Amino acid sequence: MKQGKPRHFLRVLDLTSEEIERVLEGAFRLKRQKQAGIQSFPATGKSLGLLFEKPSTRTRVSFEAAMFTLGGQVTFMSSKDLQLQRGEPIKDTARVLSRYLDCVVIRTFGQSVVDEFAEWSEIPVINGLTNEHHPCQALSDIMTVMERKGHDCSGLSVAWVGDGNNVCHSWIELSARLGFSLKVACPKGFEPDEAILKEARTQGAKVEIVEDPVEAVRSAQVINTDVWASMGQEDEAERRREVFMPYQLNSTLLSHAPSDAIVLHCLPAHRGEEITEEVLEGPQSVVWDQAENKMHLAASILFWALDLRDGV
Ligand code: CP
Ligand code: NVA
């Protein structure tokens with residue numbers, strides 16, 4: 001059994017600014033090593049569990065690929081195949097999996113699930129998306145921004161257009177840690193969570209909530225959007241399509257932004273809804289690098305969580 005309480009990454013604010021900077025530096029280093037074909041297997045003998053209650057392409061496969069690259073192995077667990085499905089308590093599942101694995105990534109509905117799991121877990125828990133947060137996404141997103149706009153992002157103006165959702169919350173918390181300004185444009189009633197906003201502002205986040213998407217993008221160097229109906233909100237999708245249409249990231253909205261602004265979308269994208277084909281596939285879009293960087297960031301987060309030492 002492991003000694004001491006493990007560190008978890010359940011939301012961006014769980015890491016200090018220095019830790020986030022180190023994780024980002026690590027991701028850049030691992031990306032360079034991978035591109036140069038340099039191999040090292042610091043996670044040999046380690047096991048990562050992926051416990052997913054919602055679908056995933058990028059988060060699942062990027063963590064799997066990252067762990068394989070580091071020399072470790074992965075066990076994927078769909079919650080419907082576990083005894084959780086038949087009512088086994090989270091606290092029991094957490095303690096049992098802690099005896100088999102070295103780290104676990106969880107994708108689920110409420111943040112309270114990962115919080116409870118982490119409370120009982122003897123191994124590091126990483127949030128792979130909840131209704132409230134998507135911290136690994138925000139870190140790989142900012143890595144992509146740094147590649148295009150330079151490593152000091154403290155002076156950047158970032159726009160978020162659309163739903164004040166989980167990814168938006170993680171970006172709000174990232175503003176507290178890295179110092180960039182964030183303008184969030186969303187329809188009334190779909191603003192980010194008040195408590196998350198308040199906590200992030202207390203910790204230094206520079207966030208402004210506006211209703212007009214043009215106002216948000218006007219001086220933005222980075223423009224970010226995401227689906228209008230997140231996983232679990234499928235019943236609201238039709239109503240949301242009407243409310244959110246003025247927030248579509250299309251060429252007209254983009255024409256109000258500086259011409260060197262980059263466009264981010266964590267994917268999956270719904271072309272013709274939150275973003276048009278033209279913008280997603282256009283010259284300002286960095287979404288494919290953004291998707292790739294999830295893997296380098298996942299590897300770096302595993303370095304942090306497993307306290308790995310690189311032999312290279
Ligand atoms: N961006 C992201 O988390 O994608 P998946 O839902 O495919 O993991
Ligand atoms: N906000 C989206 C992100 C998907 C990666 C969702 O939660 O479905």
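Which ones in region 79-109 are surrounded by 13 or more Cβ atoms within 10 Å (Cβ to Cβ) and not in a helix (DSSP H, G or I)?
82, 101, 102, 103, 104, 105, 106, 107, 108, 109
Does any residue of region 21-39 turn out to be under 18 Å from the mean Cα position of the chain (by Cα), part of a loop (DSSP other than H, G, I, E, B) and buried (at least 17 other Cβ atoms within 10 Å of the Cβ)?
no
Tell me whether region 215-225 contains one or more residues that are touching a Phe, Trp or Tyr at 6+ places or on another chain (Cβ under 7 Å), at pLDDT 95 or above and part of a loop (DSSP other than H, G, I, E, B).
No, there is no match, as no residue in region 215-225 is touching a Phe, Trp or Tyr at 6+ places or on another chain (Cβ under 7 Å), at pLDDT 95 or above and part of a loop (DSSP other than H, G, I, E, B).
Which of the residues belonging to region 121-150 are touching a residue at least 12 places away in the same chain (Cβ under 8 Å), more than 16 Å from ligand 2 (Cβ to nearest atom) and outside any helix (DSSP H, G or I)?
Residues satisfying the conditions are 121, 122, 123, 124, 125.
(1) under 22 Å from residue 142 (Cα atoms); (2) open to solvent by 60 Å² or more (accessible area, probe 1.4 Å): which one isn't true of residue 226, the others all being true?
That leaves (2) as the condition not met.
In region 258-267, is there at least one residue being assigned to a helix (DSSP H, G or I), more than 18 Å from the chain's Cα centre (by Cα) and among the hydrophobic types (A, V, I, L, M, F, W, C)?
For region 258-267, residues assigned to a helix (DSSP H, G or I), more than 18 Å from the chain's Cα centre (by Cα) and among the hydrophobic types (A, V, I, L, M, F, W, C): absent.
Those residues that are out of contact with any Pro (no Cβ under 8 Å at 6 or more places or on another chain) and either surrounded by 24 or more Cβ atoms within 10 Å (Cβ to Cβ) or outside any loop (DSSP other than H, G, I, E, B) (or both), I need them from region 166-179; list them, please.
Our first condition is that a residue be out of contact with any Pro (no Cβ under 8 Å at 6 or more places or on another chain); within region 166-179, this holds for 166-167, 171, 174-179.
Once the filter is applied, which keeps residues that are out of contact with any Pro (no Cβ under 8 Å at 6 or more places or on another chain) and either surrounded by 24 or more Cβ atoms within 10 Å (Cβ to Cβ) or outside any loop (DSSP other than H, G, I, E, B) (or both), region 166-179 yields 166, 167, 171, 174, 175, 176, 177, 178.
Give the residues of region 181-223 that are within 19 Å of residue 110 (Cα to Cα) and open to solvent by 60 Å² or more (accessible area, probe 1.4 Å), sorted by residue number.
The answer is 191, 193, 194, 195, 199.
The values are calculated or read from the model by the stated rules, or taken from the named source; none is laboratory data. No experiment lies behind these values; they were computed from the predicted model shown. Neighbour counts are summed over all protein chains in view; Cβ atoms, including those assigned to glycine, are modelled from backbone coordinates with ideal geometry. Calculation scope for accessible area: heavy atoms of the full protein, side chains included, ligands and nucleic acids excluded. Shrake-Rupley method; radii C 1.70, N 1.55, O 1.52, S 1.80 Å.
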